[in-house]
1. I'd like the distance separating the alpha-carbon centroids of region 284-299 and region 1-62, in whole Å.
2. Hey, what's region 66-117 come to in accessible area per residue, 1.4 Å probe, Å²?
3. Tell me the trypsin sites (Lys or Arg not before Pro) within region 98-183 that lie in a loop according to DSSP and have at most 15 other beta-carbon atoms within 10 Å.
4. Counting only protein heavy atoms and using a 1.4 Å probe, what share of the accessible area of region 271-346 belongs to carbon plus sulfur, as a whole percent?
5. Loop-only GluC sites (Glu not before Pro) in region 1-68, please: DSSP not H, G, I, E or B, and at most 15 other Cβ atoms within 10 Å.
6. Here are labelled values, [x] 57, 40, 35; [y] 62, 45, 33; [z] 70, 49, 36, and one is the computed Cα extents along the principal axes in Å for what I pasted. Which one?
7. Which three extents, in whole angstrom, do the alpha-carbon atoms of region 201-321 cover along their principal axes, largest first?
8. Probe of 1.4 angstrom, ligands and nucleic acids ignored: what's the accessible area per residue over region 211-343, in square angstrom?
Amino acid sequence: MRAVVYRAYGEQPVVEDVAEPACPADGVVVEVAATGVCRSDWHAWQGHDPVPLPMVPGHEFAGTLVEVGAEVAGWSVGDRVTVPFVVACGRCAWCAAGEQQVCPDQVQPGFTYPGSWAERVAVPAAAANLVRVPDGLALDAAAALGCRFATSYRALTVHGGLRAGQHLAVHGCGGVGLSAVMIGVALGAHVVATDLDPAAREAACALGAEVLDPAAVPVADAVRDATGGGAHVSVDAVGSPATAAASVRSLRRRGRHVQVGLLLGDQAAPPLPMDVVVAHELTVVGSHGMAAHEYPAMLDLVAAGTLDPAALVTRRIPLAEAPAAMAALGTPGAACPGITVVVPGRR
């Protein structure tokens, strides 16, 4: 089958023929209909998040089952599915407690084993990880659910506790940030979003956010002014020391900062204004995806038309264009606003 492969960090990925994935006895093989281009893939490719080499990138995808393991019940060839980027073991104490997103024995396509920038990808532990895609949801839109959209949904609803009438600050308007904007607006919050890229700010504005240019205003001060004293919930959707600190400083007293953007390498231990955290009794929490069993509530909102992940998919490309799309993630303003998906069957 055809897949995108990189053999060294930073080396140009190529499209080549690779071996078909083996179907686990407790898992499945998915024919990939669409798979997202995510900055997490770029971090792995750059070596910020070391992975075994060579590697096929890709961790958020949707498609159709083409092979089902002998130990799998309740799933059949032809079923339409998506999968969280954390592929849990389904056996440990964390999985038994419903916390698959922090499973210590997790694997991740594109990071620990060959990913979804390919015609087909294997998924172990099907009972813990498969999510059925509703008939009314296109598979390219469903591909956006497994990482950025689901992560934002859980970050705001579980960790942020965001409610109607509250203020939400979103720092960074890539795929995660725009997902957070859409979800925040749908939940009835007033959303203030910021990004250096004018096109990203325009996309956030179109989704219902009030937007700020961080190059023109002091971000934290501007957010506090726009929210009458600070956001109830603030999300760093970029993953940098500057955006993490700005997110914390954007909060009102007793506010909640949610770290979604990855902080890797030299940025792994950013200095946060802990004096403000203590004095204002702020909550600082990380958010790492969403378990498969938590998807139904989000999918109900999609089915009702309250959330529209399809609106975030702004570009569809074939495998041949995926390497260039990966490289563009390292250049501010070069990547397409919203979510780009690779369609392996597209030529």
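1. 23
2. Here the residues of region 66-117 average 46 Å² of exposed surface.
3. Filter output for region 98-183: R163.
4. After summing per-atom areas, the C and S share lands at 59 percent.
5. Passing sites in region 1-68 are E11.
6. Read-out taken from this structure: [x].
7. Cα spread of region 201-321 along its principal axes, largest to smallest: 46, 34, 33 Å.
8. It amounts to 43 Å² per residue over region 211-343.
The values are calculated or read from the model by the stated rules, or taken from the named source; none is laboratory data. These figures come from a predicted structure and were not determined experimentally. Please note: Cβ atoms are built from the backbone with ideal geometry, for glycine as well, and neighbour counts cover all protein chains shown. Keep in mind that these areas ignore ligands, DNA and RNA; they rest on the heavy atoms of the full protein, side chains included. Shrake-Rupley method; radii C 1.70, N 1.55, O 1.52, S 1.80 Å.
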